[in-house]
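The values are calculated or read from the model by the stated rules, or taken from the named source; none is laboratory data. Because the structure is a prediction, the values reported are computed rather than measured. Backbone-built Cβ (ideal geometry, glycine too); neighbour counts: all protein chains shown.
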Amino acid sequence: MYYIYCLLLITTGAGLAMYGLKKFGLMLALSFAIPSIMLLGMLGWIGVTSLVIVGIISALIFFLTKPLTYFNAWFFGTILICLPFAILYDAISIESDGPILKTTVYIAMLASLVVTILFRRHLKAIIIGISSGYSLGLGLAGIVSANLFMSGNIFDALALPGVIILAAIIGGILFQYLYIAKNNPELINPAKSTL
């Protein structure tokens, strides 16, 4: 069953990549719902309560697409800006609740806001690229990780999935701009900056 979930995640990622910009609100909701259900299933936590919660959040995402698009872009931008600094600070043993880290987070939040405003016309393509890449990468990482665990390669089984997911996210964004933009340029860069 685990491998079926992984294959469904890969299929979902491919579907999001191909059709995500055409039905953006629906695909954004599905990009949350399907990987969430698959992860709950993989972990054995799937039940009525968890499905209801996923359904409610998915419905909210569908109905609040425009504000959530801006919020998601700002939120994930902040995380992506903070991530290298968090790794660096951990490597040089800076306190996690110290003023240096807090200042870095505030600067990252502000920088992410500026980036969100500057790239507002491209947010749909970026978010669909991230969502499709994440789903596809999660499925691939699950398969690779399971095989590495079975072969006794514990370190690679823990380290390699993160690299696979990151590469898939980058690939998802590039796919939106290299393939989708070539075939449907109006989906990537609309005349007006509306979502």
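Can you find a residue that is among the hydroxyl-bearing types (Ser, Thr, Tyr), crowded, with 16+ Cβ neighbours inside 10 Å and at pLDDT below 85 anywhere in the range 2-17?
Filtering the range 2-17 for residues among the hydroxyl-bearing types (Ser, Thr, Tyr) gives 2-3, 5, 11-12.
Remaining after also requiring crowded, with 16+ Cβ neighbours inside 10 Å: 5, 12.
Remaining after also requiring at pLDDT below 85: none.
Checked against the condition, which is being among the hydroxyl-bearing types (Ser, Thr, Tyr), crowded, with 16+ Cβ neighbours inside 10 Å and at pLDDT below 85, the range 2-17 yields no hits at all.
Take the residues in the range 105-145 that are of a type outside the set (Val, Ile, Thr) and over 28 Å from Met27 (Cβ atoms); name whichever of them is modelled with the highest pLDDT. Walk me through how you get there before you give the answer.
So in the range 105-145, the residues of a type outside the set (Val, Ile, Thr) come out as 106, 108-113, 118-125, 129, 131-142, 145.
Okay, now just the ones that are also over 28 Å from Met27 (Cβ atoms), so 106, 110.
Values: Tyr106: 88, Leu110: 93.
Step by step, filter the range 105-145, then rank; the result is Leu110.
Considering only the range 1-18, how many residues are over 13 Å from the mean Cα position of the chain (by Cα), closer than 21 Å to Leu174 by Cβ and either small (Gly, Ala, Ser) or outside any helix (DSSP H, G or I) (or both)?
2
Among the candidates Ser93, Ser151, Ser135, Ser131, single out the residue that is in contact with a helix residue (DSSP H, G or I) (Cβ under 9 Å, 6 or more places away or on another chain), hydroxyl-bearing (Ser, Thr, Tyr) and surrounded by fewer than 11 Cβ atoms within 10 Å (Cβ to Cβ). Please lay out each step first, then the result.
On the way: Ser93 fails: in contact with a helix residue (DSSP H, G or I) (Cβ under 9 Å, 6 or more places away or on another chain); Ser135 fails: surrounded by fewer than 11 Cβ atoms within 10 Å (Cβ to Cβ); Ser131 fails: surrounded by fewer than 11 Cβ atoms within 10 Å (Cβ to Cβ).
Going through Ser93, Ser151, Ser135, Ser131 in turn, just one is in contact with a helix residue (DSSP H, G or I) (Cβ under 9 Å, 6 or more places away or on another chain), hydroxyl-bearing (Ser, Thr, Tyr) and surrounded by fewer than 11 Cβ atoms within 10 Å (Cβ to Cβ): Ser151.
Take the range 129-147 and flag every residue that is within 21 Å of Leu83 (Cα to Cα) and hydrophobic (A, V, I, L, M, F, W, C). If you could, list the steps in order and put the result at the bottom.
From the range 129-147, those within 21 Å of Leu83 (Cα to Cα) are 129-135, 137-138, 141; that's our starting set.
Scanning the range 129-147 gives Ile130, Leu138, Ala141.
Can Ala168 be described as under 19 Å from the mean Cα position of the chain (by Cα) and either in a loop (DSSP other than H, G, I, E, B) or without any contact (Cβ under 8 Å) to a residue 60 or more places away in the chain (or both)?
No; evaluated as a whole, the condition is false for this residue.
Considering each of Leu160, Leu138 in turn, give the residue that is without any contact (Cβ under 8 Å) to a residue 24 or more places away in the chain and within 19 Å of the chain's Cα centre (by Cα).
Numbers: Leu138 fails: without any contact (Cβ under 8 Å) to a residue 24 or more places away in the chain.
Exactly one of Leu160, Leu138 is without any contact (Cβ under 8 Å) to a residue 24 or more places away in the chain and within 19 Å of the chain's Cα centre (by Cα), namely Leu160.
Only one of Ala141, Ala159 is surrounded by fewer than 16 Cβ atoms within 10 Å (Cβ to Cβ) and part of a helix (DSSP H, G or I). Can you tell me which? Step through it out loud before you land on a result.
Details: Ala141 fails: surrounded by fewer than 16 Cβ atoms within 10 Å (Cβ to Cβ).
Among Ala141, Ala159, only Ala159 is surrounded by fewer than 16 Cβ atoms within 10 Å (Cβ to Cβ) and part of a helix (DSSP H, G or I).
Given the residues Ser36, Ser58, Ser31, which is the only one that is in contact with a helix residue (DSSP H, G or I) (Cβ under 9 Å, 6 or more places away or on another chain), closer than 22 Å to Ser145 by Cβ and at pLDDT 85 or above? If you could, list the steps in order and put the result at the bottom.
Details: Ser58 fails: closer than 22 Å to Ser145 by Cβ; Ser31 fails: at pLDDT 85 or above.
The match here is Ser36.
Would you pick out the residues in the range 178-195 that are of a type outside the set (Asp, Glu), surrounded by fewer than 17 Cβ atoms within 10 Å (Cβ to Cβ), assigned to a helix (DSSP H, G or I) and at pLDDT below 85?
Tyr179, Lys182, Asn183, Pro185
In the set Leu83, Leu21, Leu51, which member is surrounded by fewer than 16 Cβ atoms within 10 Å (Cβ to Cβ) and modelled with pLDDT under 90? Please lay out each step first, then the result.
Values: Leu21 fails: surrounded by fewer than 16 Cβ atoms within 10 Å (Cβ to Cβ); Leu51 fails: modelled with pLDDT under 90.
Unique residue meeting the criteria: Leu83.
Which helices (runs of 4 or more DSSP H) does the range 19-111 wholly contain that include 3 or more residues that are in contact with a Gly (Cβ under 7 Å, 6 or more places away or on another chain), of a type outside the set (Asp, Glu) and closer than 20 Å to Leu166 by Cα? Give the derivation first.
Details: elements: 24-43, 48-63, 65-91.
By residue number, no helices (runs of 4 or more DSSP H) qualify.
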